[in-house]
Amino acid sequence: MTNTLTHRRMIVFHGGQRSKVEGQREKNKHMKVAVMLFAVAVTLLANNALVGQVTVLISYHSKTGNTAAMAEAVAEGARVVEGVTVIMKTVDKTTTPDLLAADAIIVGSPVYNANVSPEVQQFISDWPFQGQPLKDKIGAAFVTAGGMSAGEEITQMNILQSMLIFGMVVVGGPDWKSPFGASAIVSEYPFDNEEGVHSAFLDKARGLGERVARLAVMLK
């Protein structure tokens, strides 16, 4: 009788041990699955972040610093938008790979006789054309002019028309007050007494940069 009870106790004991071991194995299995799922989630998030990353290229020519100031303001506006990388270069430093890598290209020029500067004209003339590699990229323009009605809007349109030839999707500023992009007046009263570009024009540039960046994110 005693041997029988001892045998039963041993069976219960070993059975309990087996249950604990199996339970631990099950927990380990669940832990491994959880770790694997977490790793997959992190990878997917990282890939989505890379896919969703938007590049806005701001390329400009500036002789006196006014167009450069507008370019800085455009960049400030674009940087407000999350997930956007802003690259700002003068036209002589901008490369074909820069253009191809960008989701949006914003070109800035001073107004020369109601047209873009020769440097900007040469820059656009050198853009890659065969196969339409710039097709469906967003395009926008900003300019600085000496006086009111001194050719700023037609210069903006010249830039936008060139972009349309390359198959780009062109946009203007955020409202009816800057439909062709951003522009600044620097040499006519009451703006000729300003040190640098008037804040109202810089605000227009920021608005343009932000709008282009937001659209680029939406279309990515």
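Here, each number is a calculation from the coordinates, and none is a lab measurement. The structure presented is a predicted model; accordingly, all values stated were derived computationally and were not measured. Cβ atoms come from the backbone with ideal geometry, glycine included; neighbour counts cover every protein chain shown.
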| query | What ranking do ILE106, ILE138, ILE124, ILE165 get, fewest neighbouring Cβ atoms within 10 angstrom at the top? | reply | ILE165, ILE124, ILE138, ILE106
| Inter-site label distance for GLN161 and GLU188 at 7 Å from Cα along Cβ, in nm | 2.1 nm
| query | What ranking do THR64, THR94, THR85 get, fewest neighbouring Cβ atoms within 10 angstrom at the top? | reply | THR64, THR85, THR94
| note | Any residue on another chain or 5+ positions along whose placed amide H is under 5 Å from the amide H of ILE58 is listed here as ILE87, MET88, LYS89, ILE106
| request: Enumerate the amide H contacts of THR144 below 5 Å, restricted to partners 5 or more residues apart or on another chain; note that Pro and chain-start residues carry no placed amide H. | output: SER109, VAL111, ALA184
| remark: Here segment 147-153 yields Karplus 3J(HN,Hα) values (6.51, -1.76, 1.60; θ = phi - 60°; whole Hz; Gly and Pro given as x) of x, 5, 6, 9, x, 5, 5
| said: What translational diffusion coefficient, to the nearest whole µm²/s, does segment 63-220 have by Stokes-Einstein, given a Kirkwood radius computed over alpha-carbon pairs, a temperature of 20 °C and 1.002 mPa s viscosity? | reply: 139 µm²/s
| remark: Answer in debye to the nearest 20: the dipole magnitude of segment 53-219 about its Cα centre, from +1 Lys/Arg and -1 Asp/Glu charges placed on Cβ, is 400 debye
| message | Explain nothing, just the number: dipole magnitude of segment 63-133 about its Cα centre with +1 on each Lys and Arg Cβ and -1 on each Asp and Glu Cβ, in debye rounded to the nearest 20. | response | 120 debye
| remark: For GLY139, the residues 5 or more places away or on another chain with a placed amide H closer than 5 Å to its own amide H are ILE105, VAL169, VAL170, VAL171
